[in-house]
Number of protein chains: 2
Amino acid sequence: MAAPSSQSCTALERSIRERVPTLLTDLYQFTMAYAYWRSGRHNEPAVFELFFRDNPFGGGFSLFSGMHDCLLFLRSFRFTDEDVEYLRSVLPPATDPAFFLFLRELDCSGVTLHSVPEGTVVFARVPLMEVSGPLAVVQLLETSLLCLVNYASLVCSNAARFRLAAGSRRKLLEMGLRRAQGPDGGLTASRYTYVGGFDMTSNVQAGFLFGIPVAGTMAHSYVTSFSSLEEVWPQVSLSAPVSNGDHDNIDLISLTKGWLGRVCELLGAESGKIHEGELAAFLSYAIAYPHNFLPVIDSYSVTCSGLLNFCAVALSLFELDYSPLGVRLDSGDLCRQSVEVRHVFRLCSEQFSIPAFQSLLIVGTNNISEYSMAELNKKENEIDVVGVGTHLVTCTRQPSLGCVYKLVEVRGSPRMKFSEDPEKSTVPGRKAVYRMLDTEGEESLSTIEKHIESLNYRISVPSTYYFNTQLITQPLCSTAETREKVQSSIQTLHPRHKRLQEPDSYIVSFKVHLLCGDMEQCQGLDCLGYWIERHLTCCHSHPAFLQCKCTHLYTHTYIL
Amino acid sequence: MAAPSSQSCTALERSIRERVPTLLTDLYQFTMAYAYWRSGRHNEPAVFELFFRDNPFGGGFSLFSGMHDCLLFLRSFRFTDEDVEYLRSVLPPATDPAFFLFLRELDCSGVTLHSVPEGTVVFARVPLMEVSGPLAVVQLLETSLLCLVNYASLVCSNAARFRLAAGSRRKLLEMGLRRAQGPDGGLTASRYTYVGGFDMTSNVQAGFLFGIPVAGTMAHSYVTSFSSLEEVWPQVSLSAPVSNGDHDNIDLISLTKGWLGRVCELLGAESGKIHEGELAAFLSYAIAYPHNFLPVIDSYSVTCSGLLNFCAVALSLFELDYSPLGVRLDSGDLCRQSVEVRHVFRLCSEQFSIPAFQSLLIVGTNNISEYSMAELNKKENEIDVVGVGTHLVTCTRQPSLGCVYKLVEVRGSPRMKFSEDPEKSTVPGRKAVYRMLDTEGEESLSTIEKHIESLNYRISVPSTYYFNTQLITQPLCSTAETREKVQSSIQTLHPRHKRLQEPDSYIVSFKVHLLCGDMEQCQGLDCLGYWIERHLTCCHSHPAFLQCKCTHLYTHTYIL
């Protein structure tokens, strides 16, 4: 594992430009930007909010990720001549040529981003980011910011659920690159599943870019590529790392054949069913990596071949003072097999007086879902490390978080959308977001009767990330630091909100303070009046509901 | 729409290097490559096959995509000094330094790729690509090739299902960028949903890179950003495009207010509920793009505001000899609303003698799934264009195709894996793949009793793509050409195999011809013997099962 160097940080920033070119957005952002520009409104100050409408996976919370990439994207936001030429070819011919000069000069120097910190626990309908700046520019940012936050937050939340299901003891390996939505999907998955609580990834580029520990030893193809012991080379090999500096060359094949006989005898196994090619593969790997021997043992048959071959090679390594690591199981009933494998490890440990043998690692990988991960805690098993691919990176149970980016204010006046679907209506106006914990921290959260839980992120205070005029006023955390933040943020949640199935809802209160201006500015308040009216019918029976103090000041608290 | 220029083709090739760096693979590919190298086997000729085990989405077929990206990846496959330095830091310290020199020199000049053509109908368990070359190199390619094929094929197949569900008449717009697995997931989705049968994308970068038609006009934020008619500018604007060259400036606001009064009268609508900001937004957009007017009309209320405002602006445009395009509905019951909208269009058409008004486009976008797309064909509706995002790009119903890459031959000798899960066992040996159609084409496929359907792809013949020593012997198709190929390939399937629910299985026959060599080469045949033996128990009652002619020649046909 390598820590991310400053070189790889630069690589990260460069990669944003390559991964998220400024044209990677929806066409209508440009047609709207033109219409704003055409009516002279492109520089009007506007505010958008980014949020999601439901906690993912039927759970009680989500994690917020992807914000650092958004910052890098904002910093590098520019149109090239080539971009502008392409836009000229796809926008309607009536488009005023001066608009393209305007685009060529655009950057995000007028944009301010307020955000909850990367890696924090968040809830449905809470504004995660507030993006303010010139109307045309903040409009243009919509799709790219959503694209960067949506999947990152989803897969991070999914990983956190796998971690909750697995408990803190087991090591978790992400290995989903081959099943992800293309190369960048795979890279994003490796990065944010680590942030969400995984320990390692199989993805080398993710290790290179983000300093995530990488792991992996062999696939079935390696095992099946060998067919006989004649393929083991060098035939006489593997010096024992003896302390006196002597390097006696050992005939490892003979040594292992001897051990294999003793293992078969111990276990009453038939040597006729043992696959010679598999033994050759294990031996070759052990010669290459005597300190890192962890083969996959189900290419032919765990009990009739793979386990026996493993024990023989591992015993040879122990005899030569190396320490093998363990085995991987990749098919069948992992729990049952892991128990059988551990039983054999214990027998060998006792029979051959090698204490370390009984605690060799057992790695399980076989289409693990959140459900099967949770089952591991209910059924007897001896699995130390779990590798997860498809269900983790594709988020099978809910493959989209559904983040949206909605206009809430223009020129200081709140805006909202109604929609034919009530749940698609938006809450107008800028918001401050808090999460209140009393001094007792997590403990107090269980006393819901005494405390109102609301959100503790106070956006627009100096302790949060903030982007303006090309300056990021808070240092960005490394991937590992964000990962720690995630775990401590999850700690602040009461277990009843963390239950994977049917969690208690975390109550998000909404308090609206708005001073009505004169009639010229009243459009947003008209909306708000309507919105409150619509919600009052649901909320009027709630004790927290307060009557507004005067005609122009709404002060209501209700449950979303 | 721009055709992909040679410039953007180069951009595509460059982008592969950026999107799929050579380190974007699983660590175990390197540990295995080292073990092969250490035992002197890295240059042994080996063959891998890439396939999937089940047709996706419970359907009867899949489409094969991503192969062109694989070719570009193979062509650019190299390790940089920086890559090698990173690998040195993560591979075990025992790794021989000479191995890193070996890596630094690697390329794919010794690799041959046989493949079914991009964009062809394929079925479960059929080898889609055969990758042969030096063992260590073809092993190293596994994860990257899978990553490039898995999602591309899945989302292309998903798009083809949406197209089948929609019928050929409706236009389909992909708009999933914001919900995809990060930026590259979004780009891949736009590219391969177009290939799979969509007509347009909202994704501008996809238009730029692949020449896909791009579309889109406005979001709700555009509408809600306006609050009064005073924001319309210029207030006196929009010359009628009169043929004699005169450009009388028209007071569009007054003109539209007049039309709005007549529309309200016609429909018996209350003018008091009409949102002035929405009218301002529509007018501003119409001034910007008088030839491309297609607003979203449900930001407040379709029937009380959006539809009335649209009709008023559209009537003004018609009066000035422009042709508005239509409306977009983004919430609620799209079918019901589209019928209401069409009804109003017809009334306006008759009342104001504008024939074109009744056939204005109605675009529907509201979390469309394959199911709701299919419902559109059952319920009365007037939707001409459907926009699909989340369910299309995330492939909600089955977010992974589950492609695998398995070793089938080393040094001319077949290899297989057994696994504890029988369905994970592999079929050893290289395969030729055919799909047989008689001269009647599609028709003959219905006569399953008379014809055995097998696969028509003959890999390793000149008509397929082929990669060797840096030369691609077949020209690569453009995205649009591949899209046409997809539709004609789907045409070869009988409708009963294309049913979205419970299709008839397409029968894939498997014929094994293997001449057994002497005992030294027999490992693969041992496996095969076992494999056949295992399958004989299932297949011996099948009439197609044939007895082998002699001890050493297996000639069996059975159903997988």
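Filter the range B:226-250 down to the residues that are out of contact with any helix residue (DSSP H, G or I) (no Cβ under 6 Å at 6 or more places or on another chain) and either at pLDDT 90 or above or aromatic (Phe, Trp, Tyr) (or both), then identify the one that is nearest to B:Leu308 (Cα to Cα). Before the answer, list the steps.
To start, the set of residues in the range B:226-250 that are out of contact with any helix residue (DSSP H, G or I) (no Cβ under 6 Å at 6 or more places or on another chain) comprises B:230, B:233-236, B:239-250.
Within this subset, residues satisfying the condition of being either at pLDDT 90 or above or aromatic (Phe, Trp, Tyr) (or both) are B:230, B:233.
Details: B:Glu230: 19, B:Trp233: 21 Å.
The extreme case among them is B:Glu230.
Residues of the range B:13-49 being surrounded by fewer than 22 Cβ atoms within 10 Å (Cβ to Cβ), facing another protein chain (nearest Cβ under 8 Å) and farther than 23 Å from A:Leu229 by Cβ, which ones?
Selection gives B:Ser15, B:Glu18.
Kindly indicate whether B:Cys108 is under 28 Å from B:Leu493 (Cα atoms) and of a type outside the set (S, T, N, Q). Steps first, please.
On the way: under 28 Å from B:Leu493 (Cα atoms): no; of a type outside the set (S, T, N, Q): yes.
No; evaluated as a whole, the condition is false for this residue.
When both residues are 6+ apart or on different chains and their Cβ atoms are under 9 Å apart, which pairs have a first residue that lies in the range A:161-173 and is open to solvent by 30 Å² or more (accessible area, probe 1.4 Å), and a second that is hydrophobic (A, V, I, L, M, F, W, C) and at pLDDT below 95?
A:Leu164/A:Ala374; A:Leu164/A:Ile490; A:Leu164/A:Leu500
State whether the residues of the range B:175-182 include one that is modelled with pLDDT of 95 or more, under 20 Å from B:Arg397 (Cβ atoms), open to solvent by 10 Å² or more (accessible area, probe 1.4 Å) and under 16 Å from the mean Cα position of the chain (by Cα).
Among the residues of the range B:175-182, at least one is modelled with pLDDT of 95 or more, under 20 Å from B:Arg397 (Cβ atoms), open to solvent by 10 Å² or more (accessible area, probe 1.4 Å) and under 16 Å from the mean Cα position of the chain (by Cα), which makes the answer yes.
What number of residues within the range A:34-65 satisfy the criterion of being within 18 Å of A:Lys424 (Cβ to Cβ) and in a loop (DSSP other than H, G, I, E, B)?
4
Give the number of residues within the range B:376-397 that are within 8 Å of chain A (Cβ to nearest Cβ) and in a loop (DSSP other than H, G, I, E, B).
3
Please state which one of B:Pro93, B:Pro97, B:Pro127 is more than 12 Å from chain A (Cβ to nearest Cβ) and surrounded by fewer than 23 Cβ atoms within 10 Å (Cβ to Cβ).
Values: B:Pro93 fails: more than 12 Å from chain A (Cβ to nearest Cβ); B:Pro127 fails: surrounded by fewer than 23 Cβ atoms within 10 Å (Cβ to Cβ).
Selected residue: B:Pro97, the only one of B:Pro93, B:Pro97, B:Pro127 that is more than 12 Å from chain A (Cβ to nearest Cβ) and surrounded by fewer than 23 Cβ atoms within 10 Å (Cβ to Cβ).
Can you tell me how many residues in the range B:50-66 are open to solvent by less than 20 Å² (accessible area, probe 1.4 Å) and in contact with a Gly (Cβ under 9 Å, 6 or more places away or on another chain)?
6
Taking only the range A:152-190 into account, find how many residues are farther than 30 Å from B:Lys406 by Cα and within 10 Å of chain B (Cβ to nearest Cβ).
Total meeting the criteria: 2.
Can you tell which of A:Ile287, A:Ile253, A:Ile274 is more than 34 Å from the chain's Cα centre (by Cα), at the interface with another protein chain (Cβ under 10 Å from one of its Cβ atoms) and touching a residue at least 24 places away in the same chain (Cβ under 8 Å)?
Within the list A:Ile287, A:Ile253, A:Ile274, the selection yields A:Ile287.
Tally the residues that are β-branched (Val, Ile, Thr) and at pLDDT 95 or above, restricting the search to the range A:26-62. Before the answer, list the steps.
Filtering the range A:26-62 down to residues β-branched (Val, Ile, Thr) leaves A:31, A:47.
Filter once more, so that each one left must be at pLDDT 95 or above: A:31.
Final tally of qualifying residues: 1.
Suppose the filter is buried (at least 21 other Cβ atoms within 10 Å of the Cβ), at pLDDT 55 or above, farther than 25 Å from A:Ser299 by Cα and under 28 Å from the mean Cα position of the chain (by Cα); does B:Tyr506 pass it? Quick ask: steps written out before the conclusion?
On the way: buried (at least 21 other Cβ atoms within 10 Å of the Cβ): yes; at pLDDT 55 or above: yes; farther than 25 Å from A:Ser299 by Cα: yes; under 28 Å from the mean Cα position of the chain (by Cα): yes.
Yes, satisfied.
Which members of the range A:66-76 meet the condition of being within 17 Å of the chain's Cα centre (by Cα), more than 11 Å from chain B (Cβ to nearest Cβ) and of a type outside the set (A, V, I, L, M, F, W, C)?
As a first pass, look at the range A:66-76 and keep what is within 17 Å of the chain's Cα centre (by Cα): A:66-70.
Then keep just the ones that are more than 11 Å from chain B (Cβ to nearest Cβ); that gives A:67-68, A:70.
Residue satisfying the conditions is A:His68 alone.
Looking only at the range A:350-370, filter to residues that are touching a residue at least 24 places away in the same chain (Cβ under 8 Å), assigned to a helix (DSSP H, G or I) and of a type outside the set (A, V, I, L, M, F, W, C); which one of those is nearest to the other protein chains (Cβ to nearest Cβ)?
Across the range A:350-370, the extreme among qualifying residues is A:Glu370.
Find all pairs meeting these conditions: Cβ atoms under 9 angstrom apart; at least six residues apart or on different chains; first residue within the range A:13-38 and under 17 Å from A:Asp81 (Cα atoms) and without any contact (Cβ under 8 Å) to a residue 24 or more places away in the chain; second residue of a type in the set (D, E, K, R) and open to solvent by less than 20 Å² (accessible area, probe 1.4 Å).
Here the result reads none, with nothing in the range A:13-38 linked to a residue that is of a type in the set (D, E, K, R) and open to solvent by less than 20 Å² (accessible area, probe 1.4 Å).
Which of (1) more than 18 Å from B:Gly364 (Cβ to Cβ); (2) open to solvent by 10 Å² or more (accessible area, probe 1.4 Å); (3) of a type outside the set (S, T, N, Q) is the odd one out, the single condition B:Ala152 does not satisfy?
Failed condition: (2).
Give the residues of the range A:197-210 that are of a type in the set (Gly, Ala, Ser) and touching a Ser or Thr at 6+ places or on another chain (Cβ under 6 Å), sorted by residue number. Steps first, answer last, please.
Here is the first cut: in the range A:197-210, the residues of a type in the set (Gly, Ala, Ser) are A:197, A:202, A:206-207.
Within the range A:197-210, just A:Ala206 meets the criteria.
Give me a count of the residues in the range A:68-99 that are modelled with pLDDT under 95, hydrophobic (A, V, I, L, M, F, W, C) and touching a helix residue (DSSP H, G or I) at 6+ places or on another chain (Cβ under 6 Å).
Here the count works out to 3.
Here is a yes/no grid of residues against (1) open to solvent by 10 Å² or more (accessible area, probe 1.4 Å); (2) within 24 Å of the chain's Cα centre (by Cα); (3) more than 26 Å from B:Ile253 (Cβ to Cβ):
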residue: B:Ser299; (1), (2), (3): no, no, no
residue: B:Leu317; (1), (2), (3): no, no, no
residue: B:Ser323; (1), (2), (3): yes, no, no
residue: B:Arg336; (1), (2), (3): yes, no, yes
residue: B:Val344; (1), (2), (3): yes, no, no
residue: B:Phe352; (1), (2), (3): yes, no, no
residue: B:Leu361; (1), (2), (3): yes, no, no
residue: B:Met373; (1), (2), (3): no, yes, yes
residue: B:Asn377; (1), (2), (3): yes, yes, yes
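Report yes if some residue within the range A:212-226 is within 16 Å of the chain's Cα centre (by Cα) and either more than 9 Å from chain B (Cβ to nearest Cβ) or part of a helix (DSSP H, G or I) (or both); otherwise report no.
Within the range A:212-226, one or more residues are within 16 Å of the chain's Cα centre (by Cα) and either more than 9 Å from chain B (Cβ to nearest Cβ) or part of a helix (DSSP H, G or I) (or both).
Take the range B:406-435 and flag every residue that is at pLDDT 80 or above and within 8 Å of chain A (Cβ to nearest Cβ).
The answer is B:Lys406, B:Leu407, B:Val410, B:Ser413, B:Arg415.
How many residues, within the range B:203-218, are open to solvent by 10 Å² or more (accessible area, probe 1.4 Å) and among the small types (Gly, Ala, Ser)? Even if it seems obvious, please write down each step before you answer.
If we filter the range B:203-218 for residues that are open to solvent by 10 Å² or more (accessible area, probe 1.4 Å), which is where we start, we get B:205, B:208-210, B:213-217.
When the remaining residues are screened for being among the small types (Gly, Ala, Ser), the result is B:215-216.
Within the range B:203-218, residues that are open to solvent by 10 Å² or more (accessible area, probe 1.4 Å) and among the small types (Gly, Ala, Ser) number 2.
The values are calculated or read from the model by the stated rules, or taken from the named source; none is laboratory data. Keep in mind it's a predicted model, so treat the numbers as computed, not measured. Note that each Cβ is placed from the backbone with ideal geometry, even for glycine, and that neighbours are counted across all protein chains shown. Surface areas here come from the heavy atoms of the whole protein model, side chains and all, with no ligands, DNA or RNA. Shrake-Rupley method; radii C 1.70, N 1.55, O 1.52, S 1.80 Å.
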